[in-house]
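Heads up, the thing below is written out as structure tokens.
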Amino acid sequence: MWSRRKSMSRWHRKVRYGAIMRNCATISGINLLRVNALLILTLVALTARAGSPRIERWATANGIPVYYVHAPEIPMFDLRVVFAAGSARDGAQPGLASLTSALLTEDTAALGVDDFHAALEATGAALGAGSLRDMAWLSLRSLTDPKAATPAVELMRAALLSPRFSDEVFVRTRKQMLAGIKSEEGSPDALGAKALYRAIYGDHPYAAPTSGTETAVSAFTVADAKSFYQRYYVAKNAVLIVVGALDRMAAEKMTNELVRGLPDGEGAPPLPAVKALAVPHAVQIEFPAKQSHLILGQPGIARQDPDYFPLVVGNHVLGGNGTVSLLFGEIREQRGLSYSVSSYFEPMAVAGPFVATLQTDRPRQEEARKVLHAVIKKFIDDGPPLAALAAAKRNLIGGFPLRIDNNSKIAEYVTLIAFYGLPLDYLTTYPQHVAAVTAAQIKDAFKRRVHLETMAEITVGTSATP
Amino acid sequence: MRYANTFTHRFAGELRMASIRAAWATLFFSFAVFATPQPTQEFALANGLRVIVQEDHRAPVVAIQVWYQVGASYELDGATGQSHALEHMMFKRTKTLKSGEFSRIVADRGGRENAFTSADYTTYFQTWSADQTELSMQLESDRMQNLVLDPAEFKNELKVIQEERRLRTDDSAQALALETVLAHTWQTSPYRQPVIGWPADLAQMQLPDLAAWYHRYYAPNNAILVVVGDVEIARIKQLATRYFGPIPRREVPPPKARPELPQRGEKRLTIASDKLRVPLLMLNYKVPGFTAVGHGQPATEAWEIYALDVLLATLDGGDSARFARHLVRGRELALSAGASYQSASRLEDLFSFTGAPREGHTLAELEAAIKAEIAALQSSPPDPAELARIKIAVVAQEVYQQDSLMGQAMLIGSLAVVGLDWRIKDSYAERIQAINPQQVQAVAKKYFQSDQATIAYVVPAQKHE
């Protein structure tokens, strides 16, 4: 209404599928990956005053775990079903998870595309689907009024259990994906992220872009998507999340109804471990731009990593704490080398990446590279400055209430807890874990785990010296 | 916010512009359960500072924003980018704080902060634990009056801003194209200027320019304080009076009037980009918004603005809207096709269409198809069923938008700062509900004249190898 930015709608979201380190697919408009990165850093902190939302867990009649938070204030709810069906399951067909996800919320056995969307919009609900490397999901936001909720959940159920996989939708979606891939060639962010994942992950399933490759996507058939769906969108591979103004009984009834009849199937197998990088790997991607994008990266941590807290808290000092991090200070505040500079761990099912990145004017590329390396090296060698560590902890702990101040955010972190099997008291114990981290632990963990000398280094820009 | 590239903030933070939701529609089919949020309230200090408070006690957090009535559309030729550059400098020294201390204080207490500049306003915000409300007031009142502009810091920050421009405009095919299109769409309106500033203007920017800008516009009577969250209005009154009350009112001269001249015929341009891989179409029409109501010859009426919003949703309000049904599906002509309408700007603004043709189709075909959709609304009113869908969506959106404190604060502030009564947010759904199909047809006829269009084809540049 007042000011909106709703141009470039659908296809541009597709372009962003898994393209970029922190600009990936969305759950209800929320950038999950970025939220991931933040949450990891931030679930951390729990002030006594804020309290954490109480998560209840049970299983549906057919055995799917349900994670539920009662949020009675606004007459609406968020409902999600999440599968281990991200692009890490693409196998030799990069893009297949994204394609499959995109086909689910278009038409169903009973309803063609126009009728499906019309029925959905008659409820005022928003139904979405998306995927990242680890997970794929369907999500619904609806009013709790049964006049809206009942038909909305029914439509979500139809999308989940009886998607039509029509040729019409398949052909259109594949074309949009191909255009998206082509369009990514014009984005230094997307080019850099793709190169980084390739360099870090080699033959690991995380290596390929979530948006797929032109060759693979061109060769897809609707049967490919159907068999991916049948393999991975099954009860034993699912978790459910409910946040909203539904009491427990209503939530139980709704989730049972949503997944009734979903085949049991099999859980997805564990992903292979990620190998550490053995030799330095520098990649130059030619791109006609004024700036060079510098991206350093290596395998980082899994959700359950024993070094999780030292690394994540340490990174908050190094490059995670917005404008007060060491990298921001040295690169931007002291030298004006980059508008944006940061580092982060992206914990995933198995080691997700550690990334440090900046963008700078081509003539200053070498200077920026040197400073970036020097700051990271000093951090690894010396550990965090004590005052900065104390400040980072205060930021993480004191900022906790902001992480859970609305239903969208609560749903995001309950999704992480549910999908990655984190304990239900994960949040309540998090501040203690953060508080307990010492400078010596951080120094030790960085020394063992972060290896500047073998890091992949991606440069997107012009190689010609100006 | 006007466009992605005309809205720029201090660092790549997490401000979620999505929180200002696109809301279409209304109470047609009214749902039984309806949330009643706390009413929004406003008061003013003796020095002219307006304070708008929305209590929301769901979580012990608060969003605090200071909106200054100054932005890129206040700037003159040769001096573009000043508002945004000043925004960056507002995080440096004050008479009481060292450079960067502001951010350190906020981070230290678990807060998030950022700022953003648009054509119409410059806004600073913190979101944090509600018990930091007083500290926000203290910090914001300090930099409203005590900024110290240091030459060395300015020199460094200007480099940062130039990097920001390279990152977000020069090296982005779409943003650069949009900047070019806006400069061609507007002849005399300041909306032709990029918020971040033209490269040459950044290069020649001087610190005294920013000092003058600060002294001219950063006065309490030119600012609006918006507070949404776990607060009590009485306490906000007390704090605002304590911290902002002593700041003297100053005469703030109005911006130069630079009305857009009447457009004399269609404008058309082709932009080549060496970074673009998929061609794009941009199509702009100049239309009035809420600030035009009661002005013009004949005077613009309020219902026209709501009817334009309904028209927008008819074409591009979800997967059942006409663009999705006809252009993306149906004729399978477009990879994407979208529309936007800037209805809450200070000056006359745009109703814009954008799209990308599918392979095998041309920009000309897509242009013709979008114009045909407009023509269809001119020749016959939309179906009542289409309006019903739009109205249902607006009811739901009104509920959903209560979920975000920041979103609520953004909506209030963005209306108030351009001189609109923020109360129109509360009657919005009702006003949309009252729109009938004939009114949609009427605004389609009145405002979408072919000689008022600016049409841009953005095409991948030919490679010279």
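Structural remarks
- Cross-link reach is defined here as a Cα-Cα straight distance under 18 Å, omitting same-chain residues fewer than 8 places apart; for A:K175 the lysines meeting it are A:K14, A:K226.
- Taking only the Cα atoms of region B:196-302, the radius of gyration and Dmax are 22.0, 57 Å.
- Counting only Cα atoms, region A:17-259 measures 48, 48, 30 Å along its principal axes, largest extent leading.
- Amide H contacts of B:T300: B:G294, B:H295, each under 5 Å away and 5 or more positions distant or on a separate chain (H built 1.01 Å from N in the peptide plane; Pro and chain starts excluded).
- Scaled to the globular estimate 2.2 N^0.38 Å, the Cα spread of region A:174-302, given as radius of gyration, is 1.44.
- Phi to ³J(HN,Hα) by Karplus 6.51 cos²θ - 1.76 cosθ + 1.60 over region A:243-256, Hz, x for Gly, Pro: 9, x, 8, 10, 6, 4, 5, 5, 5, 4, 5, 5, 6, 4
- The C-alpha atoms of chain B define a longest principal axis, and helix B:133-145 lies at about 90 degrees to it.
- Counting only Cβ charges, +1 for Lys and Arg and -1 for Asp and Glu, the dipole size of the protein assembly as shown around its Cα centre is about 800 debye.
- For the residue pairs A:K378/B:K155; A:K409/B:K95; A:K194/A:K378; A:K194/A:K409, the C-alpha atoms sit more than 31 angstrom apart in A:K409/B:K95.
- With coordinates expressed along the principal axes, the C-alpha atoms belonging to chain A extend over 61, 52, 48 Å, beginning with the largest.
- Lys, Arg +1 and Asp, Glu -1 on Cβ, resulting dipole of region B:267-460 about Cα centre, debye, nearest 20: 320 debye
- Based on the convex hull around the alpha carbon atoms, region A:281-461 presents an average projected area of 10.9 nm².
- Residue pairs, from the table A:K275/A:K447; A:K377/A:K443; A:K370/B:K98, whose Cα atoms sit over 19 Å apart: A:K370/B:K98
- Taking the longest Cα principal axis of chain B as reference, the axis of helix B:233-244 is set at about 70 degrees.
- Across A:K290/A:K393; B:K159/B:K275; B:K391/B:K445, pairs whose alpha-carbon gap is larger than 26 Å: A:K290/A:K393
- Rounded to the nearest 5, the antiparallel percentage of DSSP beta bridges internal to the protein assembly as shown is 80%.
- Judged by the mean number of other Cβ atoms found within 10 Å, the most tightly packed of the peptides A:106-116, B:293-303 leads the ranking A:106-116, B:293-303.
- Each peptide in A:118-126, B:259-267 was scored by the mean count of other Cβ atoms within 10 Å over its residues; highest first, the order is A:118-126, B:259-267.
- Inter-chain Cβ neighbour count for B:399-409, averaged per residue, equals 5 (cutoff 10 Å, partner chain atoms only).
- Region B:267-460 - convex hull of the alpha-carbon atoms, volume per residue in Å³: 137 Å³
- The phi torsions of region B:120-125, fed into the Karplus equation with coefficients 6.51, -1.76 and 1.60 and a -60° offset, translate into couplings of 10, 7, 10, 10, 10, 8 Hz, rounded to whole numbers, with Gly and Pro shown as x.
- Positive-pole candidate from A:A223, A:F83, A:T255, dipole of region A:17-259, charges at beta carbon: A:F83
- Binned Cα-Cα distance frequencies in the protein assembly as shown - 10 Å width, integer %: 2, 12, 22, 27, 23, 11, 2, 0
- Placing +1 on each Lys and Arg Cβ and -1 on each Asp and Glu Cβ, with no other charges, gives region A:232-285 a dipole about its Cα centre of roughly 140 debye.
- Base-10 log of normalised Debye intensity for chain B (one unit scatterer per alpha-carbon) at q = 0.13 Å⁻¹: -1.28
- Rg/Rh ratio calculated on Cα atoms of region B:358-436 (Kirkwood radius): 1.13
- Each residue of region B:165-182 is assigned a 3J(HN,Hα), and the resulting list reads 5, 4, 5, 9, 10, 4, 9, 10, 4, 6, 5, 5, 5, 5, 4, 5, 5, 5 Hz, derived from the Karplus form 6.51 cos²θ - 1.76 cosθ + 1.60 (θ = phi - 60°), x at Gly and Pro.
- Among B:Y285, A:Y339, sorting on how many other beta-carbon atoms sit within 10 Å of each Cβ, with the fewest leading, yields B:Y285, A:Y339.
We did not get these values from a lab; they are worked out from the coordinates using the rules stated. The structure displayed is predicted, hence computed values, not measured ones. Positions of Cβ are backbone-derived with ideal geometry, glycine not excepted, and every protein chain shown enters the neighbour counts.
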